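The values are calculated or read from the model by the stated rules, or taken from the named source; none is laboratory data. Remember, predicted model here, so these are calculated numbers, not experimental data. Positions of Cβ are backbone-derived with ideal geometry, glycine not excepted, and every protein chain shown enters the neighbour counts.
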Amino acid sequence: MKKLFALILALAMALSLVACGGNNTTETPAATEEPAATEEEPAAEEPAEEPAETPAAAGSVYYLNFKPEADEAWQALAAVYTEQTGVPVKVVTAASGSYSDTLTAEMAKSEAPTLYQIGNLSGLANWNDYALALDGTPVVDEMTTSDFNLVDENGETKAIGYCYESFGIIVNKALLEQAGYTLDDITDFASLKAVADDIHARAGELGFDAFTSSGLHDSSSWRFSAHLANVPLFYEFRDDGVTAQPATITGAYLDNFRNIWDLYITDAATDPSSLTTATGDQAEAEFGNGQAVFYQNGTWEYSNLTGTFGMDPANLAMIPIYTGVDGESAAGLCSGTENCWAVNSQASEENIQATLDFIYWVVTSDEGTQMMAEQFGPIPFKNAKESENVFFNDANAYMANGNYTVTWAFNYTPNVDSWRATVVTALAAYSADQTDANWDAVVSAFVDGWAYEYSVVNG
């Protein structure tokens, strides 16, 4: 059986995991490893001749962590939990870029991880037999959304997303109010367009414009070929029930993409014909220096805007990317993750329970939620600590209000760099000359380009 298990692991596909932040350190041994029994000592499970005053806790936890930058925090938190409960918690952190290989090797051992990470549905296909169904567990009951969880073909929740990032339209509320509006005035594409059109028409009088430059320079184009493209892909995949990379797409919502792109490049100070040289730094500076009200970007921009540019967090907010889709007033931010906890279904009952108890404590206790807020930002759990990053708090507020999350459909893009480059080229040509024929070329870059890149990768 062990040979068969090893063979299965050796044949498993590489597990793709992308951290919420960068990985830049190496493997660190756990500070609180469970001591191994020696020949002179009785086995751990042997009962003592006389019962201890405080019975030893049943089970133990072995967490294989893949974020090196969070290793120290996890080691400290594990030690606190062990001190409070008596349950041994071992944390081992894989070296940067080696998580897949480390997971495969560790899962082949007799003392395998009881808690590990699966990044996406492809990873779930590889590890589904070793992932416990988590539906109905206390930790899942604490979640504020199931949008980031990984569900198998039987409808069972096998891994839960414990942190996420978001992107949308960042708003300078102070400038918006100077123009005579508030966030309450923007609830869908029609109202966003009305506000932006008015601000752009009065830009000379106001001293600022509606949108920052939508640069198609390499330093900026990912905001549109990946993040903005996510919106039409999300709605198409939602309609079609897509749960794996499709060989083709229809482009059903590309008219909506055109709506928002036209707004971006029309209601801005930058000449649309010069977008290929407009950089990411340029757009950031335009917003940070108070030259525009709206700026499409993500939660990661918070530190630059409040630090480098000294913007007041009270004047910042993030709203959804509205494109004119029916019912979009109920949308939240574009949010996603590849950080999902899985519990090893092959572990002993005692260790499975110990692991479920541990992660429940992590997302409900003061110690756990404080560490998670500091290391990971927003976590989709009821007791999550509020972050200093107002964009994270906006994302959580939309979820708490029941708005649907626009999840990361762009993760399915085939041959991603090539596909995006083709889209950017077509967008640049259209922006310089906004004809229907040039828009047809954008549609072709999306739809025909997707089929072509899929065939390149898959044959």
Counted residues in the stretch 64-100 being closer than 30 Å to Ala125 by Cβ and either outside the structural domain of Phe376 (by TED's automatic domain parsing) or among the charged types (D, E, K, R) (or both) come to 4
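Conditions (1) outside any loop (DSSP other than H, G, I, E, B); (2) modelled with pLDDT of 95 or more; (3) touching a Cys at 6+ places or on another chain (Cβ under 7 Å), marked per residue:
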position: Ser122; (1), (2), (3): yes, no, no
position: Val139; (1), (2), (3): yes, yes, no
position: Ser146; (1), (2), (3): no, no, no
position: Ala159; (1), (2), (3): yes, yes, yes
position: Cys163; (1), (2), (3): no, no, yes
position: Gly180; (1), (2), (3): no, yes, no
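Rundown of residues vs (1) among the basic types (Lys, Arg); (2) surrounded by fewer than 19 Cβ atoms within 10 Å (Cβ to Cβ); (3) under 23 Å from the mean Cα position of the chain (by Cα), yes/no style:
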site: Thr266; (1), (2), (3): no, yes, no
site: Met311; (1), (2), (3): no, no, no
site: Thr323; (1), (2), (3): no, no, yes
site: Asp326; (1), (2), (3): no, yes, no
site: Leu333; (1), (2), (3): no, no, yes
site: Thr355; (1), (2), (3): no, no, no
site: Ile359; (1), (2), (3): no, no, yes
Name the single residue, out of those in the stretch 422-443 being of a type in the set (Gly, Ala, Ser) and surrounded by 15 or more Cβ atoms within 10 Å (Cβ to Cβ), that is farthest from Ala226 (Cα to Cα).
Ala432
Out of the stretch 298-330, which residues are in contact (Cβ under 8 Å) with a residue 24 or more places away in the chain and under 21 Å from Asp262 (Cα atoms)?
Gly298, Met318, Ile319, Pro320, Ile321, Tyr322, Thr323, Gly324, Val325, Glu328, Ser329
Consider Val92 against the criteria (1) over 17 Å from Leu356 (Cα atoms); (2) not in a strand (DSSP E or B): it satisfies all of them except one. Which criterion is unmet?
(2)
Within the stretch 161-213, residues buried (at least 16 other Cβ atoms within 10 Å of the Cβ), over 14 Å from Ala268 (Cα atoms) and of a type in the set (D, E, K, R) come out as Glu165, Lys173, Asp188
Screening Tyr404, Tyr398 for residues that are among the hydroxyl-bearing types (Ser, Thr, Tyr), over 17 Å from Phe224 (Cα atoms) and surrounded by fewer than 20 Cβ atoms within 10 Å (Cβ to Cβ) leaves only Tyr404
Any hit, the stretch 238-254, residues being touching a strand residue (DSSP E or B) at 6+ places or on another chain (Cβ under 6 Å) and assigned by TED's automatic domain parsing to the domain that holds Asp436
no
Looking across the stretch 52-67 at residues that are out of contact with any strand residue (DSSP E or B) (no Cβ under 6 Å at 6 or more places or on another chain) and at pLDDT 95 or above, the single one that is surrounded by the most Cβ atoms within 10 Å (Cβ to Cβ) is Ser60
